[in-house]
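Quick notes on the structure that follows.
The values are calculated or read from the model by the stated rules, or taken from the named source; none is laboratory data. Keep in mind it's a predicted model, so treat the numbers as computed, not measured. Using ideal geometry, Cβ is built from the backbone for each residue, glycine included, and neighbour counts are taken over all protein chains shown.
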Amino acid sequence: MNDMNHERRHAPRVEATGSVPGQLEIDLETHVVQISSRGMMAELEVPVTVGSEYEFTLSMEGEDLELRGVVRNCEPKTSGDTPTPYRVGIEFRRLDEKQQDILTRFVESRL
């Protein structure tokens, strides 16, 4: 018997009245435009919320850096004909000494 109203969930759902903050970690290809030892400017295909935090990976100096950052600004890109219409400023959070060292060396090597 195929009942369209048949409940397939194993636990009941209820309305989330009031404030129930949540965060979805999204997996998007990101084009890094600028980088410093404290943050980066990236281009994304979708807008993100200012103040939201994300985990991401940067590959530099032969290592994958697992970083966390907070979005400080997100603005539509005003020029160019690319599929990445948003410029997003991200401030790095809780860098360990090794991560900070790799970022600093990377930036200094390009100054």
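Could you run through the range 21-36 and say how many residues are modelled with pLDDT of 80 or more, more than 14 Å from Tyr54 (Cβ to Cβ) and either among the aliphatic types (A, V, I, L, M) or loosely packed, with under 10 Cβ neighbours inside 10 Å (or both)?
Of the residues in the range 21-36, 2 are modelled with pLDDT of 80 or more, more than 14 Å from Tyr54 (Cβ to Cβ) and either among the aliphatic types (A, V, I, L, M) or loosely packed, with under 10 Cβ neighbours inside 10 Å (or both).
Filter the range 54-111 down to residues that are touching a residue at least 24 places away in the same chain (Cβ under 8 Å) and acidic (Asp, Glu) and give me whichever is nearest to Ala42 (Cα to Cα).
Among residues in the range 54-111 that are touching a residue at least 24 places away in the same chain (Cβ under 8 Å) and acidic (Asp, Glu), the one nearest to Ala42 (Cα to Cα) is Glu91.
For the range 91-111, name all the residues that are of a type in the set (Lys, Arg) and either in a helix (DSSP H, G or I) or farther than 17 Å from Glu55 by Cβ (or both).
Here is the first cut: in the range 91-111, the residues of a type in the set (Lys, Arg) are 93-94, 98, 105, 110.
Lys98, Arg105, Arg110 - these are the residues of the range 91-111 that are of a type in the set (Lys, Arg) and either in a helix (DSSP H, G or I) or farther than 17 Å from Glu55 by Cβ (or both).
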